[in-house]
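The values are calculated or read from the model by the stated rules, or taken from the named source; none is laboratory data. This structure is a prediction, so every number in the text was calculated from the model and none was measured. Note: ideal-geometry Cβ built from the backbone for every residue, glycine included; neighbour counts use all protein chains shown.
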Amino acid sequence: QIFLVIPPGPSLAQEKAYLIGPRDILALTIYAGGEKQQEVNLTVSARGMINVPFIGPVKAEGLTLSQVEALIARPLAKDYFVAPQVNIHIKEYHSLQYYISGAVKGPGLYEMTSKATLMELIAKAGGVLSERGNVAYILRASTGQIAEGEEVENLLSQKEPIKVDLLRLLDKGDMRHNPLLQSGDVVYIPLEKALNLAASNIYVEGEVKKPGVYAYQPGLTALNACIIAGGFGKFAAPNRTR
(Lines give C-alpha, C1' and ligand atoms only; values in the text may rest on other atoms or scores of the structure.)
Protein backbone atom coordinates (compact mmCIF):
# COMPACT_ATOMS: atom_id res chain seq x y z
CA GLN A 1 0.00 0.00 0.00
CA ILE A 2 1.10 3.56 -0.71
CA PHE A 3 0.35 6.27 1.84
CA LEU A 4 0.04 9.86 0.69
CA VAL A 5 -0.47 11.89 3.83
CA ILE A 6 -0.95 15.65 3.83
CA PRO A 7 -1.04 16.61 7.50
CA PRO A 8 -3.49 19.32 8.53
CA GLY A 9 -2.35 22.06 10.83
CA PRO A 10 -3.71 21.92 14.35
CA SER A 11 -6.94 23.81 14.89
CA LEU A 12 -6.86 26.95 17.02
CA ALA A 13 -8.77 25.17 19.79
CA GLN A 14 -6.31 22.26 19.79
CA GLU A 15 -3.32 24.60 19.90
CA LYS A 16 -4.78 26.70 22.71
CA ALA A 17 -5.44 23.57 24.81
CA TYR A 18 -1.96 22.13 24.20
CA LEU A 19 0.38 21.96 27.19
CA ILE A 20 3.82 23.28 26.29
CA GLY A 21 6.76 20.89 26.64
CA PRO A 22 10.57 20.93 26.48
CA ARG A 23 12.15 21.77 23.09
CA ASP A 24 8.90 23.15 21.67
CA ILE A 25 9.52 26.31 19.64
CA LEU A 26 7.17 29.21 20.39
CA ALA A 27 6.64 32.25 18.18
CA LEU A 28 6.20 35.32 20.42
CA THR A 29 4.91 38.70 19.24
CA ILE A 30 4.50 41.74 21.50
CA TYR A 31 2.31 44.69 20.46
CA ALA A 32 2.04 48.03 22.25
CA GLY A 33 1.06 51.54 21.22
CA GLY A 34 -0.42 50.20 18.00
CA GLU A 35 2.96 48.86 16.85
CA LYS A 36 4.84 45.58 16.88
CA GLN A 37 7.48 45.91 19.59
CA GLN A 38 9.09 42.49 19.41
CA GLU A 39 8.85 39.30 17.36
CA VAL A 40 11.02 36.35 18.28
CA ASN A 41 11.13 32.54 18.33
CA LEU A 42 11.73 30.99 21.75
CA THR A 43 12.84 27.41 22.40
CA VAL A 44 11.62 25.80 25.61
CA SER A 45 14.62 24.53 27.56
CA ALA A 46 14.98 21.06 29.08
CA ARG A 47 13.92 22.65 32.36
CA GLY A 48 10.79 24.09 30.76
CA MET A 49 11.93 27.72 30.63
CA ILE A 50 11.84 30.36 27.89
CA ASN A 51 13.96 33.52 27.85
CA VAL A 52 11.54 36.37 27.09
CA PRO A 53 12.75 39.78 25.83
CA PHE A 54 12.59 42.55 28.46
CA ILE A 55 11.66 40.26 31.38
CA GLY A 56 13.99 37.23 31.22
CA PRO A 57 13.25 33.58 32.16
CA VAL A 58 9.61 32.44 32.32
CA LYS A 59 8.36 28.96 33.18
CA ALA A 60 6.40 27.58 30.21
CA GLU A 61 6.37 23.79 30.57
CA GLY A 62 2.98 22.34 31.46
CA LEU A 63 1.13 25.58 30.71
CA THR A 64 -1.19 26.51 27.85
CA LEU A 65 -0.38 29.31 25.42
CA SER A 66 -2.95 31.59 27.07
CA GLN A 67 -1.40 31.05 30.49
CA VAL A 68 2.09 31.91 29.23
CA GLU A 69 0.74 34.97 27.39
CA ALA A 70 -0.72 36.20 30.70
CA LEU A 71 2.54 35.52 32.57
CA ILE A 72 4.44 37.64 30.05
CA ALA A 73 1.87 40.44 29.72
CA ARG A 74 1.74 41.29 33.44
CA PRO A 75 5.39 42.34 33.94
CA LEU A 76 5.43 44.03 30.53
CA ALA A 77 2.44 46.16 31.54
CA LYS A 78 3.96 46.93 34.92
CA ASP A 79 7.41 48.04 33.80
CA TYR A 80 7.61 48.54 30.03
CA PHE A 81 4.44 49.19 28.01
CA VAL A 82 0.91 50.53 28.35
CA ALA A 83 -1.67 47.81 27.69
CA PRO A 84 0.65 45.43 25.82
CA GLN A 85 -0.78 42.60 23.76
CA VAL A 86 1.09 39.30 23.79
CA ASN A 87 0.50 36.65 21.15
CA ILE A 88 2.11 33.21 21.18
CA HIS A 89 1.64 30.24 18.89
CA ILE A 90 3.44 26.94 18.47
CA LYS A 91 5.92 27.12 15.62
CA GLU A 92 7.25 23.59 16.10
CA TYR A 93 6.16 20.80 18.43
CA HIS A 94 9.04 18.77 19.83
CA SER A 95 7.48 17.16 22.90
CA LEU A 96 4.92 15.11 20.96
CA GLN A 97 5.81 11.42 21.16
CA TYR A 98 3.98 8.35 19.88
CA TYR A 99 4.85 4.66 19.97
CA ILE A 100 3.71 2.17 17.33
CA SER A 101 4.30 -1.57 17.21
CA GLY A 102 3.03 -4.72 15.58
CA ALA A 103 2.42 -5.07 11.84
CA VAL A 104 4.30 -1.96 10.63
CA LYS A 105 7.62 -1.76 8.81
CA GLY A 106 9.31 0.52 11.34
CA PRO A 107 7.94 -0.03 14.85
CA GLY A 108 9.24 2.23 17.59
CA LEU A 109 8.99 5.61 19.29
CA TYR A 110 8.42 8.62 17.05
CA GLU A 111 8.69 12.31 17.82
CA MET A 112 6.53 14.58 15.68
CA THR A 113 6.64 18.34 15.17
CA SER A 114 2.85 18.62 14.87
CA LYS A 115 -0.08 16.65 16.22
CA ALA A 116 -0.41 13.41 14.29
CA THR A 117 -3.32 11.35 13.08
CA LEU A 118 -3.20 7.56 13.06
CA MET A 119 -2.53 7.60 9.30
CA GLU A 120 0.39 9.99 9.72
CA LEU A 121 1.97 7.81 12.40
CA ILE A 122 1.56 4.69 10.24
CA ALA A 123 3.17 6.54 7.33
CA LYS A 124 6.03 7.67 9.59
CA ALA A 125 6.56 4.02 10.53
CA GLY A 126 6.92 3.07 6.86
CA GLY A 127 3.41 1.73 6.35
CA VAL A 128 1.74 -1.51 7.38
CA LEU A 129 2.82 -5.06 6.58
CA SER A 130 0.76 -7.06 4.10
CA GLU A 131 -0.17 -9.55 6.83
CA ARG A 132 -1.57 -6.90 9.17
CA GLY A 133 -4.95 -7.35 10.79
CA ASN A 134 -7.94 -5.07 10.37
CA VAL A 135 -7.96 -3.45 13.81
CA ALA A 136 -5.59 -0.96 15.44
CA TYR A 137 -5.54 -0.51 19.21
CA ILE A 138 -4.75 2.91 20.70
CA LEU A 139 -3.67 3.13 24.34
CA ARG A 140 -3.72 6.61 25.84
CA ALA A 141 -0.82 7.99 27.91
CA SER A 142 1.25 4.81 27.69
CA THR A 143 4.64 5.67 26.14
CA GLY A 144 6.12 6.10 29.62
CA GLN A 145 5.22 2.52 30.52
CA ILE A 146 6.72 1.27 27.25
CA ALA A 147 9.93 3.17 28.04
CA GLU A 148 10.02 1.41 31.41
CA GLY A 149 9.96 -1.98 29.67
CA GLU A 150 6.26 -2.83 29.79
CA GLU A 151 5.05 -5.04 26.92
CA VAL A 152 2.27 -3.70 24.69
CA GLU A 153 0.33 -6.95 25.06
CA ASN A 154 0.32 -6.54 28.84
CA LEU A 155 -0.93 -2.96 28.57
CA LEU A 156 -3.80 -4.17 26.39
CA SER A 157 -4.97 -6.43 29.20
CA GLN A 158 -4.67 -3.62 31.77
CA LYS A 159 -6.29 -0.74 29.89
CA GLU A 160 -9.35 -0.20 27.71
CA PRO A 161 -7.95 0.52 24.23
CA ILE A 162 -9.57 2.59 21.52
CA LYS A 163 -10.25 0.34 18.52
CA VAL A 164 -9.91 1.61 14.94
CA ASP A 165 -11.29 -0.22 11.90
CA LEU A 166 -8.31 -0.43 9.53
CA LEU A 167 -10.38 -2.10 6.84
CA ARG A 168 -12.40 1.10 6.48
CA LEU A 169 -9.46 3.45 7.03
CA LEU A 170 -6.72 1.85 4.91
CA ASP A 171 -8.63 -0.22 2.37
CA LYS A 172 -11.63 2.05 1.82
CA GLY A 173 -10.05 5.42 2.61
CA ASP A 174 -12.72 6.40 5.14
CA MET A 175 -11.09 9.29 7.02
CA ARG A 176 -13.80 9.18 9.68
CA HIS A 177 -11.73 6.31 11.11
CA ASN A 178 -8.51 8.36 11.23
CA PRO A 179 -8.38 9.69 14.81
CA LEU A 180 -6.12 12.50 15.98
CA LEU A 181 -3.59 11.02 18.38
CA GLN A 182 -2.53 12.45 21.72
CA SER A 183 1.07 12.75 22.81
CA GLY A 184 1.94 9.62 24.77
CA ASP A 185 -0.33 7.33 22.74
CA VAL A 186 0.73 3.76 21.99
CA VAL A 187 -0.63 2.21 18.78
CA TYR A 188 -0.64 -1.55 18.31
CA ILE A 189 -1.57 -3.20 15.00
CA PRO A 190 -1.68 -7.00 15.40
CA LEU A 191 -0.77 -9.39 12.64
CA GLU A 192 -3.79 -10.99 10.99
CA LYS A 193 -3.09 -14.30 12.74
CA ALA A 194 -3.00 -12.60 16.14
CA LEU A 195 -6.14 -10.64 15.29
CA ASN A 196 -8.01 -13.84 14.46
CA LEU A 197 -7.06 -15.10 17.89
CA ALA A 198 -8.17 -11.81 19.42
CA ALA A 199 -11.60 -12.23 17.83
CA SER A 200 -12.09 -15.65 19.42
CA ASN A 201 -13.63 -16.57 22.74
CA ILE A 202 -12.13 -18.15 25.83
CA TYR A 203 -13.83 -20.54 28.21
CA VAL A 204 -13.28 -20.15 31.94
CA GLU A 205 -14.58 -22.95 34.10
CA GLY A 206 -13.89 -24.62 37.43
CA GLU A 207 -13.35 -22.84 40.74
CA VAL A 208 -14.15 -19.28 39.64
CA LYS A 209 -17.12 -17.20 40.75
CA LYS A 210 -18.56 -16.63 37.25
CA PRO A 211 -17.57 -19.49 34.91
CA GLY A 212 -18.52 -18.96 31.28
CA VAL A 213 -17.48 -17.72 27.85
CA TYR A 214 -15.54 -14.44 27.54
CA ALA A 215 -14.09 -12.46 24.62
CA TYR A 216 -10.34 -12.88 24.20
CA GLN A 217 -8.20 -9.73 24.42
CA PRO A 218 -4.58 -9.46 23.21
CA GLY A 219 -2.17 -10.04 26.09
CA LEU A 220 -4.77 -11.81 28.23
CA THR A 221 -3.19 -14.20 30.75
CA ALA A 222 -4.78 -17.11 32.61
CA LEU A 223 -4.79 -15.02 35.79
CA ASN A 224 -6.47 -12.09 34.00
CA ALA A 225 -9.12 -14.45 32.64
CA CYS A 226 -9.88 -15.71 36.16
CA ILE A 227 -10.20 -12.12 37.40
CA ILE A 228 -12.62 -11.33 34.55
CA ALA A 229 -14.62 -14.39 35.63
CA GLY A 230 -15.14 -12.88 39.07
CA GLY A 231 -12.03 -14.19 40.79
CA PHE A 232 -11.15 -17.53 42.35
CA GLY A 233 -13.66 -19.62 44.25
CA LYS A 234 -13.22 -20.76 47.83
CA PHE A 235 -11.61 -24.07 46.90
CA ALA A 236 -9.48 -22.86 43.98
CA ALA A 237 -5.80 -23.74 43.56
CA PRO A 238 -4.43 -20.68 41.66
CA ASN A 239 -0.98 -22.22 41.19
CA ARG A 240 -2.56 -25.01 39.14
CA THR A 241 -4.47 -22.72 36.76
CA ARG A 242 -4.00 -23.71 33.11
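Out of Leu96, Leu4, Leu12, one residue alone is at pLDDT below 90, buried (at least 16 other Cβ atoms within 10 Å of the Cβ) and within 30 Å of Ile162 (Cβ to Cβ). It is Leu96. Testing Leu109 on (1) under 14 Å from Ser183 (Cβ atoms); (2) in contact (Cβ under 8 Å) with a residue 40 or more places away in the chain, one condition comes back false. Which one is that? For Leu109, the failing item is (2). Within segment 131-148, the set of residues being over 13 Å from Val187 (Cβ atoms), of a type outside the set (Asp, Glu), surrounded by fewer than 19 Cβ atoms within 10 Å (Cβ to Cβ) and modelled with pLDDT of 85 or more comprises just one member, Asn134.
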